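Q: Questions regarding the structure given below will be posed in turn.
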Amino acid sequence: MASELFEDIWPTSAPILEPIFPDEGTYPVAAYPLVGLSAGGRKDQRELRTLILENAYLRITVCPDLGGRIVGLFDRRSQTEFITGDLTATEGGNRGAHVPFGISFGATPELGLDLGPVQVLSHFAASEEMPAGVTLGGLWPGTSLRFWYRIELPAEEASFTIQICTYSLENGVTTCPGLRWYGADRADLYSVAQGQNRLVFQHQTSPIEVGEDGWVSAVDSFELSRRTLENWQATVTPTTVARGRMGYGDAGVISLTDDRIQIQVVRPLENAKVVLFTRSGQSLESRMNLHPESIWEVASGDLPEAIVEVALMDASGEVLARTDAHLAGKLKWNRTLSPAGALSETDTRDPAWRHLAFADLAESALADGDFASAANYFERSLRFNAEDPLAWWGQAFAERLANETDNDAPLPNAHYLNPVEPLLRAEAFLRSDQGQAAEKNPLLSPLAETPEALIEVAATLLKLRRLDQLARFADEGLRHLNLPMLRYLLAYALLEDSRMGAEAAQHVQLAAKAGFAPPFPHREIEFVALRRLVERFPEDSLLPRYARLRA
């Protein structure tokens, strides 16, 4: 059976979470800039979007409306559902309440995106032999950090892969990207389990060490250097073998208990060798064909002597898994932070930072309206760091403005590195027909599902002083959602032109009618805009309420 991907609706009873705004006395400070939440105990029937990955062995259900968490993991071999329980809110977490259900992904153990919608992109299998997958993610609250992950299901394996990525435009953002399976405990150093159901995480040839709190990450917490894309990848193996002395490998799992030996493989192994080491130092060997559909098992009482170790080998004799033979440890990512502040032409001669220096010069040229120089600087930056998605976006953006053409050659590289980057969808809109259609432009519909993405694009265009691009983008964005902060950024931009004061005032008035609502400001440019508007429109009562929200 090929790996398939399809959409579905999940009818479920979901908790009703009461909002707590940042200027209320009961607001949990750690939640900012998100709305705080209170679990009132009430529920309502909801229909949530899901994406389902399925092959002959597994069915994985992902819910983009719940932070992209995995809400279903069904092992078709044993007819076992790994995700049990229901959606119930409890007090706790950095927002005041959370929903401990399923498998959630985050840039830190303090999850920030698991209760709302995230950006999503589907990857359908190109052929029957290829995997299907889905990429999900968004902007990490209160930072410029981009966090996204890809779940991929191979066609003929009883395991799936995850790739977790982070990228930041700020220096020193602390991150420890990983995941948590709610309701599960650390079964041993390398796996988490809920009853008999166990998930094993394998990075290349070594299992990933699970934290004592159940947080699964291939890296320790560290500070991310700006414009650095970091990622780790793992194979996730669901298994129902008994708890005992375990052996983990990318081909399968071994369990050795007092009364039996079990081996469960993730893909067919022809002419595999199972070696049993006895207490007296002898070894028992057997060749066999192993298949993911069933667990190979032998009772200890059927063997002539007690077994102390088990190894699984392929037909050539390479060891695929062995009990107790694990290499623990975390990946070591580059933790050297770049110098503070924007870099200059002099810094382009420093091999450590020249990619950043060229990117900073490119942004400065964009702000000055020198688009040809900006495109050139971005290109030079990419010579030294080709894994910078926003440098690829910046090059395409600058070339379009310089040539007034739609040269999109750099954009596929940006999409490859971060498929859910909001600036890429904004650029697709800005390259589209200039005329405003009667209907909302569907290119911005996904951004409207995660309003913070609309603000991030507007703030970026404002910082680069591309006010014409901001005006066009914001006008269309406001057709999708009436966001006060989006209106304030547009009003601030309009004040740069002395002839547009009346239009700026109109946006301030329309923001007041919308009322106090998220997304709430956290970027420096947002507070600059708010202070300017408070000075210009002192009679407006809503503006000071936003301006006082600096966390």
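Q: On a 0 to 90° scale, report how tilted helix 371-384 is relative to the longest principal axis of the chain, with both axes built from alpha carbons and the result rounded to the nearest 10.
A: Helix 371-384 sits roughly 20 degrees off the main axis of the chain.
Q: What is the Å³ per residue value for the convex hull set by the Cα atoms of the range 435-551?
A: 103 Å³
Q: So how tilted is helix 501-514 from the main axis of the chain? Cα-based, degrees 0 to 90, rounded to 10.
A: Result, in degrees: 50.
Q: Let me ask you something else. Which number comes out as Rg/Rh for the range 253-322 once both Rg and the Kirkwood Rh are worked out on C-alpha atoms? Walk me through the numbers on the way to the answer.
A: Values: Rg = 11.5 Å, Rh = 12.2 Å.
A ratio of 0.94.
Q: Please work out how much length the chain gains when fully extended from Phe516 to Glu503, using 0.36 nm per residue of separation minus the C-alpha to C-alpha distance, in nm with one decimal.
A: Numbers: separation 13, 0.36 × 13 = 4.68 nm, distance 2.08 nm.
Here the segment from Phe516 to Glu503 would lengthen by 2.6 nm.
Q: Need the full-extension length gain, Asp23 to Gln45, defined as separation in residues times 0.36 nm minus the C-alpha distance. One decimal, nm. If you can, show how the numbers build up before the last one.
A: Working: separation 22, 0.36 × 22 = 7.92 nm, distance 3.04 nm.
That pair, Asp23 and Gln45, stretches by 4.9 nm at full extension.
Q: While we're looking at this one, here's another question. For the chain, take the longest principal axis of its alpha carbons; what is the angle in degrees between that and the long axis of helix 389-403, to the nearest 10 within 0 to 90?
A: Tilt of helix 389-403: around 40 degrees.
Q: For Lys463, give me every one of the aspartates and glutamates with a C-alpha distance below 17 angstrom, ignoring sequence neighbours fewer than eight places off in its own chain.
A: The qualifying aspartates and glutamates are Glu170, Asp360, Glu363, Asp368, Asp370, Glu427, Glu452, Glu496, Asp497, Glu524, Glu526.
Q: Tell me, Leu530, Leu411 in order of fewest to most beta-carbon neighbours within 10 Å?
A: Numbers: Leu530 23, Leu411 20.
Ascending Cβ contact count within 10 Å gives the list Leu411, Leu530.
Q: With runs of 4+ DSSP H residues as the only contributors, calculate the mean residue ellipticity of the chain at 222 nm using -39,500 (n - 2.57) per run, divided by the residue total and rounded to the nearest 500. Don't jump to the answer; show the numbers that get you there.
A: On the way: 12 runs with 136 residues, N = 551.
That calculation yields -7500 deg cm²/dmol at 222 nm.
Q: What FRET efficiency comes out for the pair Glu293/Ile525, r = Cβ-Cβ distance, R0 = 60 Å, nearest 0.05? It would help to have the intermediate numbers written out before the result.
A: On the way: r = 57 Å, r/R0 = 0.95.
With R0 = 60 Å, the Cβ-Cβ based efficiency is 0.60.
Q: Show me the trypsin sites (Lys or Arg not before Pro) within the range 332-428 that DSSP assigns to loop and that have at most 16 other Cβ atoms within 10 Å of their Cβ. Before the final figure, lay out each step's value.
A: Numbers: sites: Lys332, Arg335, Arg349, Arg354, Arg380, Arg383, Arg400, Arg425; in loops: Lys332, Arg335.
Loop-located and lightly packed - Lys332, Arg335.
Q: Oh, and also: Taking R0 as 22 Å, what's the FRET efficiency between Ser283 and Asp259 from their Cβ-Cβ distance, rounded to 0.05?
A: Numbers: r = 21 Å, r/R0 = 0.93.
Efficiency computed from Cβ-Cβ geometry: 0.60.
Q: Near Lys513, which aspartates and glutamates are there with a Cα under 18 Å away, not counting those fewer than 8 places off in the same chain?
A: Here the aspartates and glutamates satisfying the reach criterion relative to Lys513 are Asp475, Glu503, Glu539, Asp540.
Q: Something else now. Ignoring solvent entirely, what values of log10 I(q)/I(0) come out of the Debye formula for the range 1-124 at 0.14, 0.15, 0.17 Å⁻¹ when each Cα is a single scatterer?
A: -0.66, -0.74, -0.91
Q: Here's another thing I want to ask about it. For a quick check of your reading of the filter: which trypsin sites (Lys or Arg not before Pro) in the range 89-193 sit in a DSSP loop and have no more than 16 other Cβ atoms within 10 Å? Walk me through the numbers before you get to the answer.
A: Values: sites: Arg95, Arg146, Arg150, Arg180, Arg186; in loops: Arg95.
Within the range 89-193, no trypsin sites (Lys or Arg not before Pro) qualify (loop, at most 16 other Cβ atoms within 10 Å).
Q: What does the net charge come to around Ala357 if you take all other residues with beta carbon closer than 9 Å to its beta carbon, with K and R at +1 and D and E at -1? Walk me through the intermediate numbers first.
A: Values: positive: Arg349, Arg354; negative: Glu345, Asp347, Asp350, Asp360.
Once positives and negatives cancel, what remains is -2.
Q: Give me Met485, Met313, Met288 ranked fewest to most by other Cβ atoms within 10 Å of their Cβ, as a rough exposure proxy. Show your work: numbers first, answer last.
A: Working: Met485 26, Met313 20, Met288 13.
Listing Met485, Met313, Met288 from fewest to most nearby Cβ atoms yields Met288, Met313, Met485.
Q: If you compute percent of Cα pairs over 45 Å apart for the structure shown, which of [x] 13; [y] 23; [z] 16 do you land on?
A: Among [x] 13; [y] 23; [z] 16, the one derived from this structure is [y].
Q: Here is a follow-up. At 7 Å along Cα-to-Cβ for each site, give me the label-to-label distance between Ala352 and Arg243 in nm.
A: Rounded to a tenth, the inter-label distance reads 4.7 nm.
Q: Here is a further query. If you place +1 on the Cβ of every Lys and Arg, -1 on the Cβ of every Asp and Glu, and leave all else neutral, what size is the dipole of the range 253-322 about its Cα centre, to the nearest 20 Debye?
A: Details: 6 positive and 11 negative charges, 27 e Å.
It works out to roughly 120 debye.
Q: In terms of the ratio Rg/(2.2 N^0.38 Å) built on C-alpha atoms, what value belongs to the range 341-480? Write down the numbers at each step before the final one.
A: Details: Rg = 15.2 Å, N = 140, 2.2 N^0.38 = 14.4 Å.
Rounded to two decimals, the normalised Rg is 1.05.
Every number in this text was worked out from the coordinates using simple rules, so none of it is lab data. Remember, it's a predicted structure, so these values are computed and weren't measured experimentally. Cβ: placed from backbone, ideal geometry, glycine included. Neighbour counts: every protein chain shown.
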